[in-house]
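Note sheet for the following structure.
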Amino acid sequence: MDPSPHPYAALVPEIVLTAVEALGVTSNGRLLALNSYENRVYQVGLDDAEPLVVKFYRPGRWSDQAILEEHAFAAELVRHEIPVVAPLSFAGATLHYHQGFRYAVFPRRGGRSPELDDPDCRVRLGRFLGRIHAVGASRPFVHRPTLRIADYGEAPCRYLLEQGFIPAHLVSAYETLSRDLLAAIRRCYARVGELGQLRLHGDCHLGNILWTEAGPHFVDLDDCLCGPAIQDLWMLLSGSRAEMILQLSDLLAGYEDFYELDRRELVVVEALRTLRMMNYSAWLARRWSDPAFPLAFPWFGSDRYWEEHVLALREQAAALDEPPLVA
């Protein structure tokens with residue numbers, strides 16, 4: 001454990017408010033911390049306008065070029081009239097610097113989670129994702145990551161083992177299981193051959209989609225990357241196999257009005273789910289020195305957590321052997 005203060009320890013309310021006011025915006029001093037762990041995000045009240053949302057990027061995570069590429073992708077989607085919440089520009093810039101922090105300012109957008117049990121909702125979501133991918137396929141990212149087995153599976157497993165996060169009585173089981181899972185994931189990829197790569201939202205779960213009477217809008221492109229199109233679709237599937245097939249069919253009914261999914265990618269749905277599970281545990285481990293994480297995830301690191309994680313991975317081993325979904 002690193003005994004030095006975490007960089008976010010210096011991000012006190014006064015710094016947040018002065019960062020906003022440095023852009024020429026007058027705050028009324030009202031500050032509300034929003035639900036975010038990777039970055040720090042605040043709603044800041046204004047005297048004469050709707051509140052703004054300010055995101056302070058985690059120090060050391062992204063290069064300036066990668067952040068600006070995220071911003072440019074969001075702006076490109078907005079130009080195509082796709083409902084994505086993009087950062088606001090002040091004096092021609094979207095990335096700002098204050099007291100050692102990098103930050104961006106966004107308009108506040110409300111909404112609720114999409115009702116994925118509604119077929120019409122699924123079709124409409126599919127349409128917007130198809131439009132996002134049609135734009136995303138027009139050119140690649142240069143500074144953002146690519147979704148690779150090495151980075152999202154092999155490296156996380158290695159980190160957890162080398163840093164001693166796996167309890168001693170589970171080390172052998174986890175090591176063997178993760179090795180077998182990674183081999184199974186590679187076999188899934190090999191069955192497909194070369195996967196298409198395009199710019200994606202990258203973290204398209206329900207928490208990053210806000211629904212209003214006008215439809216959805218997508219938030220938080222912080223994890224945007226290059227990868228197969230199915231990465232932005234599979235996280236919207238849940239339940240039994242029959243339920244997921246129905247959900248997928250509705251999503252694609254809207255999606256393929258704007259972008260055609262290579263159906264071979266359905267082979268890697270469970271592989272991508274497994275990589276996300278592996279990477280999630282390593283993400284928590286890598287962030288454990290951040291005081292916000294033990295408070296928000298007190299169960300992480302317990303024997304029970306790791307026992308359930310190993311069990312969930314064993315279930316994924318079975319899922320990887322099942323036939324792919326069809327639509």
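Observations, loosely collected:
- Taking every DSSP beta bridge that has both ends in the chain, the antiparallel portion is near 95%.
- A full extension of the chain between ALA150 and ARG191 corresponds to an added length of 13.0 nm, given 0.36 nm per residue minus the alpha carbon distance.
- Here the convex hull built on the C-alpha positions of region 7-107 has a volume of 106 cubic angstrom per residue.
- Taking trypsin sites (Lys or Arg not before Pro) across region 1-101, the ones in a DSSP loop with at most 15 further Cβ atoms lying within 10 angstrom of their Cβ are ARG61.
- Both the radius of gyration and Dmax for region 42-96 are 12.7, 35 Å, in that order, over alpha-carbon atoms.
- Under the combined filter of DSSP loop state and at most 11 neighbouring Cβ atoms within 10 Å, region 1-109 retains these GluC sites (Glu not before Pro): GLU81.
- The alpha carbon radius of gyration of region 80-181, expressed as a multiple of 2.2 N^0.38 Å, is 1.64.
- Projecting the Cα atoms of ALA253, LEU325, LEU177 onto the charge dipole of the chain, computed from C-beta unit charges around the Cα centre, puts LEU177 farthest toward the positive end.
- Simple label model, 7 Å out from Cα along Cβ direction - ALA137 to LEU170, nm: 4.1
- Charged neighbours of ILE230, selected by a Cβ distance under 9 Å, balance to -3 (K, R count +1; D, E count -1).
- The chain: relative contact order in percent, alpha carbon pairs under 8 Å with at least 6 residues between: 19
- The ratio of the alpha-carbon radius of gyration of the chain to the globular-protein estimate 2.2 N^0.38 Å is 1.04.
- Rg/Rg_ref, region 185-230, where Rg_ref = 2.2 N^0.38 Å and atoms are Cα: 1.50
- Average Cα contact separation per residue, region 7-107, under 8 Å, 6 or more apart, as relative contact order %: 22
- For region 97-149, diffusion coefficient by Stokes-Einstein and Kirkwood Rh (Cα), 25 °C, 0.890 mPa s, µm²/s: 161
- Based on the reciprocal of the average 1/r between different C-alpha atoms, the Kirkwood radius for region 180-258 equals 14.5 Å.
- Equivalent ellipsoid of region 229-327: semi-axes from √(5λ) of the C-alpha gyration tensor, largest first, are 31, 16, 11 Å.
- Region 259-322 versus region 169-214: alpha-carbon centroid distance in Å: 8
Taken together, the values in this text are just the output of simple stated rules run on the coordinates, not laboratory data. Just so it is clear, the structure is predicted and the values come from calculations on it, not from any experiment. Using ideal geometry, Cβ is built from the backbone for each residue, glycine included, and neighbour counts are taken over all protein chains shown.
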